[in-house]
Amino acid sequence: MANSRFEYVRQFETHDKLLSDCYIVIRIDGKKFHEFSKYYEFRKPNDERALKLMNASAKNVVLKYKNDIILAFGESDEYSFILKRDSTLFNRRKDKLATLIGSLFTTNYVFLWDKFFPDTPLNVKHLPYFDSRCVLYPNLSIVKDYLSWRYVDTHINNLYNTVFWQLIQVCGMTPQEAEKKLCGTLSSDKQEILFKDCGINYNNEPEMFKKGSLITRKGEILHIDVIKKIDELFEGF
């Protein structure tokens with residue numbers, strides 16, 4: 001089609017280029033994952049296989065672009081990839097970054113599915129897909145706050161879900177009864193309910209569930225207190 005009379009249509013294309021000298025966060029998030037996880041009968045409150053599949057998919061993305069990605073952090077059905085301030089990946093084109101990182105992650109998720117769910121083949125009518133967005137942050141301080149926000153969100157969501165599902169599975173409550181019991185409770189209250197009513201010490205829950213997963217540029221997958229290690233994680237950036 002090069003040099004044809006139809007080539008003029010290219011002038012209608014627009015390419016949003018992300019502002020220079022800013023950190024880029026690309027966050028992917030599962031679309032309708034509640035329905036997806038229900039169809040494939042993910043274990044509640046956490047399915048270790050599903051989380052490890054997310055981690056393996058994200059790790060491949062990080063290693064593919066390790067010269068640009070500082071680290072990645074994931075919980076549940078989402079992952080955030082933090083790019084260097086001076087990254088020129090895909091010429092900082094917003095559409096390219098969002099679509100290619102999102103599609104690369106999804107491709108890995110599908111390709112690796114059998115490794116983590118060997119007895120549950122994917123159904124073509126129930127395939128996983130993720131949306132993706134790019135967000136700019138002007139300085140490292142805000143980037144650290146962003147990562148801390150996702151880390152805290154992991155704790156809040158996991159604690160609630162752990163107590164909620166234990167009340168249903170162990171104590172025999174209905175979802176409505178469990179929700180009512182937890183309404184207005186603080187973190188300490190939830191841990192007390194979990195211990196007294198379900199016999200579970202939240203501190204003994206797997207670190208991956210409580211703290212999410214952090215992937216370094218070398219591909220290491222860690223389950224650590226991000227807030228305590230925040231300065232160390234961004235040393236040199």
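Of note:
- Radius, Kirkwood style, for the chain when every pair of distinct Cα atoms is counted (Å): 19.7 Å
- Chain lengthening between Lys66 and Leu122 when straightened (0.36 nm per residue, less Cα-Cα): 17.2 nm
- Using the alpha-carbon positions of the stretch 44-89, Rg (one decimal) and Dmax (whole number) come out as 12.2, 41 Å.
- For the chain, the solvent-accessible area with a 1.4 angstrom probe is 57 square angstrom per residue.
- The chain, dipole about Cα centre (Lys/Arg Cβ +1, Asp/Glu Cβ -1), debye to the nearest 20: 660 debye
- Candidates Gly172, Gly102, Gly219, ranked by Gaussian network fluctuation over the chain, Cα under 10 Å, top entry: Gly172
- Restricting the calculation to Cα atoms, the stretch 93-161 yields a radius of gyration followed by a Dmax of 16.3, 46 Å.
- The angle between the Cα long axis of helix 48-64 and the main principal axis of the chain comes to about 20°, on a 0 to 90 degree scale.
- Looking at the stretch 29-82, the GluC sites (Glu not before Pro) that sit in a DSSP loop and have at most 16 other Cβ atoms within 10 Å of their own Cβ are Glu41.
- Crossing angle, helix 140-169 versus the chain [Cα axis fit, 0-90 degrees, rounded to tens]: 40 degrees
- Cα-based Kirkwood hydrodynamic radius, the stretch 125-202, one decimal, Å: 15.0 Å
- Geometric extent, Cα atoms of the stretch 162-215 - Rg, Dmax (angstrom): 11.9, 38
- Pairs spanning more than 21 Å between alpha-carbon atoms, out of Lys44/Lys211; Lys38/Lys180; Lys66/Lys96; Lys52/Lys115; Lys84/Lys229: Lys38/Lys180.
- All C-alpha to C-alpha distances of the stretch 7-82, sorted into 5 Å bins beginning at zero, yield P(r) values of 3, 12, 18, 17, 13, 12, 10, 8, 4, 2, 1 percent in whole numbers.
- Cα-based helix-to-principal-axis angle, 94-116 vs the chain, degrees rounded to 10: 50 degrees
- Length available on full extension from Glu48 to His223: 0.36 nm per residue minus the Cα-Cα distance, which gives 61.7 nm.
- The H on the amide N of Lys66, modeled in the peptide plane, is under 5 Å from the matching H of no residue at least 5 residues off or on a different chain.
- Taking Leu159, Leu127, Leu194 as the candidate residues, the one with maximal mean-square fluctuation in a Gaussian network model of the chain, Cα springs under 10 Å, is Leu127.
- Solvent-accessible area, 1.4 Å probe, carbon plus sulfur percent, for the stretch 1-126: 50 percent
- Under 5 Å, built H, 5+ apart or other chain: amide partners of Tyr23: Tyr137, Asn139
- By the helix-only formula, in which each DSSP H run with n ≥ 4 contributes -39500 (n - 2.57) and the sum is divided by residues, the chain has a 222 nm mean residue ellipticity of -15000 deg cm²/dmol.
The values are calculated or read from the model by the stated rules, or taken from the named source; none is laboratory data. These figures come from a predicted structure and were not determined experimentally. Quick reminder, even Gly has a Cβ in these numbers, built from the backbone with ideal geometry, and neighbours come from all protein chains shown. Protein only, heavy atoms only, side chains kept; ligands, DNA and RNA dropped before computing areas. Shrake-Rupley method; radii C 1.70, N 1.55, O 1.52, S 1.80 Å.
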